[in-house]
Structure formats: C-alpha cells, structure tokens
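Below is one structure; the comments refer to it alone.
The values are calculated or read from the model by the stated rules, or taken from the named source; none is laboratory data. Every value quoted in this text rests on a predicted model; they were computed, and no experiment measured them. Methodologically, a virtual Cβ is constructed for each residue, glycine included, from the backbone with ideal geometry; neighbour enumeration extends over all protein chains shown. Keep in mind that these areas ignore ligands, DNA and RNA; they rest on the heavy atoms of the full protein, side chains included. Shrake-Rupley method; radii C 1.70, N 1.55, O 1.52, S 1.80 Å.
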Amino acid sequence: MVKNFVVSITRSTISLIGTALAVATLVLMLSLFMIERFGFEGGPYLGILTFLILPMIFVVGLTLIPIGAVLWRRKRSKMAGGDSVPLMPVFDLNVPKTRHWLLIFLVATMFNVIILSAATYKGVEVMESVEFCGMACHAVMEPEHTAHQRSPHSRVKCAECHIGPGADWFVKSKLDGAWQLIAVALDIYPRPILTPLHDLRPARDTCEQCHWPTKFVGDKLSVRKHYEDDEVNTELTTALLLRVGGSEGVGSTGIHWHVDPDVSIRYRSNESREEIYQVEMTNSDGVITEYSDRKAPEEGGVWRTMDCVDCHNRPSHIYQPPGNEIDKAMSTGVIDQTLPFVKRESLRVIDAEYDSHEAARVAITDGLTQYYSDNYPEIASEKSAAISTAADALGDIYSVNVFPQMQVWWNTYPNHIGHEQSPGCFRCHNKRMRTPEREKITSECDTCHVLLAEEEEDPEIMYTLNPE
Ligand code: HEC
Ligand code: HEC
Ligand code: HEC
Ligand code: HEC
Ligand code: HEC
C-alpha cells in the first residue's frame, strides 16, 4: 500500500514536483510554527512567510499531484494504443485496493485540512496586524505607520478603523489589498497616497464600535504653549475651553451636536473636501435648512453625509506642523529654551524639503551649529551639548512628519480639527455660507470655545486654575 502510494505521487514529473513542493513547504511551515511556539519573535515577515506564502505553495503542490497523475494516465493510455486503460480513474469500492486508496486519501485530506485551517486562521491574524499593514509595504505605509505609532490610537489596529467587523468589508478589503499589492509590485502607486479616502467605511461601523457618539463630554480645557521667534523665545500661553458638548437632557449641544443621531448634515465639496460649496442640515424636528456659498460652483462636486471623520480626519495619522512640534520639544525641555533664537532657528532648519531623513539630519545639525558658531561663539562652545541635543530632536521631528520618498511634506495631510492647519471648521462656519434668507452658519468665536487666554505671557487665568 505504501509502495503504491509513493509510486502514485511520484510517477509523473508534475506529480513529483508537486510532492516535493508540498513536503518541503510542510516541513518548513511546521518547523517555523514550532520555532514561533518556543517564543522566537520573527517579526511580521516571518508571519507572512509561515502563514500566507508557504500555505499557498503547499496548496499549489497538492493540486499538482492529481494533475500529474491524470496527465500520466492519459499519456499511458495513448502509448498502449488501445482503450484498455480508461482515461479517468474508475472507483469500485468492492475492490480492496480502492478502499485502501480511499482511506489513504481521506486521512491525508483530513491532515491537510487541519494544517490549512490552522494556517488560514493564523494568516488572517497576520493580515489584521498593524505590522502587516504598516510594514509589509514598508516604504509605502511608512508615513501612516509612523504617525499611527505616535497617536492616541497606537494600540488600535489598522483594521479596526479601515475594515471594521463583518465579512463583507473583510472580503472587500482583501480585494482592494490584492490590487494594492500589485500596485506596489509594479511601482504604480500614487505618491503621496491620496487623501481623503473616498471609500472609507462609515464611522458608525468603525469609530462608533469603541466610541459612544453622543457621550456627554461637556467643556474641555486645553492649554497650549507657544514660543515667539525673538531672542529670548518668549513663552506664550493659550487657554481654550472647548465646547465639545454631547447629548444630555433633551438634546445635543456643542461641537458633538453634529453627530447626534437625530441630526443629519450633508455637504457638497470638491474632491479633497477642503472647499465646501453647500450644506444641507436636517435638525431633530426634521426641518431642512440649506446653506450655500454664492461664490462656489452651482453644479458638480461630491455629496457626503458628515460623520466623525469630517472633523477627526487625522485621529491616527497625525502630522504636526513644524512650529507645534518645536513648541512641544521646547516646553518639555528637549530643546533648551535658553538658547537664543532657538525657536526661530529651529523652524528655519526644519521647515525645508530635504531628499531623505539622513540628509535632513545632516543639514539640520550643520545649520544649527553653524548658526551658533557664527553668531554666538561663546554659547556655541559652552552649550555645545544642548545644541547637539536640540539638533538631534529636530532630526527626529523631521523623520516622523516628513517622508521624502513618499512625497509627504509638511502639511501634505492637513488636519480638519479647528482652523489652524486647514480651514477645518471654517469650511462651513464662515460668512459666505448662507441660507436663501441670508442667514449664516454661526461663526462667532464663542460658538466653539471660550478663549480664556490667547497667546499671552503669564496669563491671569493660569493662576486661577492653579493657585500654586
Ligand atoms: C483610529 C482609526 C485609524 C487607525 C487605527 C488607522 N487609520 Fe488609517 N486612516 C484613518 C482615517 C479616518 C483616514 C482617512 C482620512 C481622510 O479620509 O481624510 C485614514 C487614512 C489612511 C490612509 C490614507 C492617507 C491618509 O493619511 O489620509 C492610509 C494609507 C492609512 N490610513 C493607513 C493606515 C495604516 C497602515 C494603519 C495602521 C498602521 C492605519 N491606517 C490605522 C483612521 C485610522
Ligand atoms: C478599537 C477601538 C477604537 C476605535 C475603532 C477608534 N478609537 Fe478613538 N480611541 C480609542 C481609545 C482606547 C482612545 C483613548 C486613547 C487614550 O486616551 O490614550 C481613543 C481616543 C480617541 C480620541 C481622543 C484623542 C486624544 O487626543 O486624546 C479621539 C478624538 C478619537 N479616539 C476619535 C476616533 C475616531 C474619529 C475613530 C474612527 C475613525 C476612532 N476614534 C476609532 C479607541 C478606539
Ligand atoms: C464637528 C466636528 C466634530 C465631529 C463631527 C466629531 N467630533 Fe469629536 N471632537 C471634536 C472636537 C473639536 C474635539 C475637541 C478636540 C480637542 O480636544 O482638541 C472633539 C473631541 C473628541 C473626543 C475626545 C473627548 C474627550 O473626552 O477628551 C473624542 C473621543 C471624540 N471627539 C470622538 C468623536 C467621535 C467618535 C465622533 C463621531 C461619532 C466625533 N468625535 C465627531 C469635533 C468633532
Ligand atoms: C459640513 C459643514 C460643517 C463643518 C465642517 C463644521 N460644522 Fe459646525 N455646524 C454646521 C451647521 C450646519 C451647524 C448648525 C447651524 C448653526 O448652528 O448655525 C453647525 C453648528 C455648530 C455648533 C453649534 C451647535 C449647537 O449647539 O447648536 C458648534 C459648536 C459647531 N458647529 C462647531 C463646529 C466645530 C468645532 C467644527 C470643526 C471641528 C465644525 N463645527 C465643523 C456645519 C458644519
Ligand atoms: C466653528 C468652530 C470654531 C470657531 C467659530 C472658532 N474656532 Fe478657534 N478653534 C476651534 C477648535 C475646534 C479649536 C481647537 C483645535 C485643536 O484641538 O487643535 C480652535 C482653536 C483655536 C485657537 C488655538 C490654536 C492653538 O493651537 O494655539 C485659537 C487661538 C482660536 N481657536 C481662535 C479663534 C478665534 C479668535 C475665533 C473667532 C474669530 C475662533 N477661534 C473661532 C473651533 C472654532
């Protein structure tokens, strides 16, 4: 029986190749799996190899075996010159040999099914992992992956926002993914990757799996430090009371009023959603109000129903403007605030387009040290350590926000929250957006926040908030 089995899986060249492939991949798969079991961390590529690529080769090998057998039979029947050997196998369960064969076949299939289902299960797990999404196509996804790792959502998997639960979106994402792999292989993907994503799954099925849309947040205090570009890098404080609101009592209030389930806001905009032409609001009483910008094109554009992502378009891929990053590094002391003009000079050296991260680090370090040795030779030698720490920090800042190989520069991906990096809220909340009766969408500063202090040195409010 064993002899027969060996003969049948090796008798034609094709079957032989199939058998060799299947056995080799099986041994590899099992040994890699064992290695992983023993706690060896092979990284994402090992997972992709063990649970995606090897199983595929395994299946190819298995299918080659019967193909080879059928071809071999066909050839033999022709060679014999007669019809004595039928083309297709004949199954007669009364023959003991056939029964043995069937048994071997069933046992082997069962074994294969177990191996393949384990591999598929692990394969799906690998494909859902942040490493797979962010690193399998490392160069392509480097900006998104890096930004994700620094964001409040660094522990949320890519798939939880980009695919969400359920089989249909899973299949859709795999089909899109297959195309993306081809685009990467042929090097025909866009640089930078275009934003916004027009086929992103609606927030209801993704963000709202974790966040309760109408949760009452109320007013949220936000204190920000900025530094001026003067010699002493004067520290300025802005304190905002953001009216995030939410749903409480009879209805929703504040900023999160937009996502009240009883409210629906649709808008028409250009492809990039940076310019909004028209807004249609249906409030909780079902009353529809239309606003439009009289300067905007009357036809064309894209209609969309507003959800979380229209304000939070950067919940995870947050690229900060250079000034904000420097402010943060200065307030945490990574950049020494006592270095003269350090804010202005830092901005000068990093707000540029370098060819690569390495080139940026070199140019930034040279630029900063040069500035101090030319203008403040004493400080340059006294505080050389602080200067080089600052230069390193600026190189780091550049490397996590700018990705030359993907054509991602400062503000390639503007943030719509607020109105600093892009018109953001002001895309709708502006004086041109009006109803036919000339009523505006409110745009008074106090609608969205109370400015407790705006760019002030040592503001009174900070003593009220923190008497110490
Ligand atoms: C918290 C949710 C969330 C997570 C987690 C997340 N993304 Fe995104 N991502 C988004 C949203 C929202 C957009 C769409 C922005 C838009 O359309 O304006 C987006 C856009 C993108 C884009 C298009 C370019 C851009 O920045 O607009 C890519 C590529 C991308 N994500 C890849 C990834 C990868 C890779 C991961 C995991 C490392 C990931 N995302 C994790 C929410 C998320
Ligand atoms: C798998 C669960 C999950 C999903 C899906 C998710 N989030 Fe979150 N989100 C979190 C968690 C957990 C935090 C809190 C992180 C922390 O406090 O460090 C958070 C924090 C936030 C914050 C506050 C960020 C800050 O600066 O403190 C915002 C805004 C937010 N999420 C928006 C979104 C949006 C928009 C989406 C959909 C595109 C989304 N989230 C999808 C889990 C999720
Ligand atoms: C109209 C714009 C807008 C929409 C739509 C919107 N948000 Fe927000 N959200 C904001 C702003 C502004 C803040 C405060 C930002 C800050 O803290 O800097 C905020 C804050 C948050 C926070 C942090 C709250 C906290 O306790 O600190 C979470 C979480 C959040 N939003 C989730 C969501 C989710 C989920 C949705 C969709 C159901 C959504 N938001 C829709 C504008 C919006
Ligand atoms: C797509 C258009 C659109 C965008 C973008 C938008 N809003 Fe609105 N917003 C509206 C409309 C329409 C109203 C209702 C009309 C009004 O209150 O004048 C409104 C009302 C509000 C209100 C008053 C809610 C209440 O209690 O009645 C606040 C606060 C607000 N928006 C904040 C924001 C903030 C903050 C952003 C940016 C993060 C933002 N909006 C972005 C369309 C928009
Ligand atoms: C439609 C809502 C809305 C209106 C109207 C509005 N703002 Fe804002 N503003 C925001 C939001 C939201 C943020 C916070 C964004 C963030 O989290 O970074 C913000 C942030 C700010 C900041 C802080 C920027 C920083 O990071 O230091 C200042 C200053 C500011 N607004 C000034 C104003 C002034 C002045 C007006 C009136 C002319 C105004 N805003 C009107 C929504 C609004």
Can you give the relative contact order of segment 2-128 as a percent, counting alpha carbon pairs under 8 Å and 6+ residues apart?
32
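Just order 198-204, 341-347 by mean Cβ neighbour count inside 10 Å, highest at the front, would you?
Details: 198-204: 14.0, 341-347: 22.6.
For the peptides 198-204, 341-347, the packing ranking is 341-347, 198-204.
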So, R0 is 22 Å and r is the distance between the beta-carbons of residue 46 and residue 138; what FRET efficiency does that work out to, to 0.05?
0.90
Within segment 176-196, name every residue whose backbone N is under 11 Å away from a label modeled 7 Å from Cα of residue 407 along the Cβ vector.
189-194
Lys, Arg +1 and Asp, Glu -1 on Cβ, resulting dipole of segment 150-193 about Cα centre, debye, nearest 20
200
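Quick check: with the 1.4 Å probe, what order do 106, 32 take by accessible area, largest first? Display every interim value, and only then the final one.
Numbers: 106 100, 32 25 Å².
From most accessible down to least: 106, 32.
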Which of 463, 424, 449, positive extreme of dipole for the chain (C-beta unit charges)
424
Could you work out how much longer the chain between residue 221 and residue 91 gets when fully extended? Use 0.36 nm per residue separation minus the Cα distance between them, nm to one decimal.
38.9 nm
Distance histogram in 10 Å bins (all Cα pairs of the chain, percent per bin):
3, 14, 19, 19, 16, 11, 8, 6, 3, 1, 0
Rounded, prolate or oblate: which fits segment 2-128, taking a ≥ b ≥ c as square roots of the Cα gyration tensor eigenvalues, rounded meaning a/c under 1.5, else prolate when a/b beats b/c?
prolate
Among 384, 19, 339 the positive-end extreme of the charge dipole of the chain (Cβ point charges)
19
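If I take R0 = 51 Å and measure r between the Cβ atoms of residue 23 and residue 426 in this structure, what FRET efficiency does the formula 1/(1 + (r/R0)^6) give, to the nearest 0.05?
Values: r = 65 Å, r/R0 = 1.28.
Computed FRET efficiency for residue 23 and residue 426 comes out at 0.20.
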Label point 7 Å beyond Cα of residue 302 along Cβ direction - residues of segment 257-272 with amide nitrogen under 15 Å
267-272
Helical contribution to [θ] at 222 nm, DSSP H n ≥ 4, -39,500 (n - 2.57), averaged over the chain, rounded to 500:
-15000 deg cm²/dmol
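As an exercise, use a Förster radius of 56 Å and the Cβ-Cβ distance of residue 282 and residue 57 to find the FRET efficiency, rounded to the nearest 0.05.
Values: r = 55 Å, r/R0 = 0.98.
Calculated value: 0.55.
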In nanometres, what is the gap between the two model label sites at residue 444 and residue 295, each 7 Å from Cα along Cα-to-Cβ?
2.5
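Can you tell me the relative contact order of the chain? Whole percent, Cα pairs under 8 Å, sequence separation 6 or more. Each step should come with its number before you reach the end.
On the way: 624 pairs, mean separation 65.3, N = 468.
This gives 14 percent for the chain.
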Spacing of the two label points (7 Å from each Cα toward its C-beta) at residue 150 and residue 128, in nm:
2.9
In nm, give the distance between the simple-model label positions of residue 212 and residue 10, each being 7 Å from the Cα along the Cα-to-Cβ direction.
6.7
Could you point to the residue in 62, 300, 412 farthest towards the positive end of the chain's charge dipole, with +1 and -1 charges on the Cβ of Lys/Arg and Asp/Glu respectively?
62
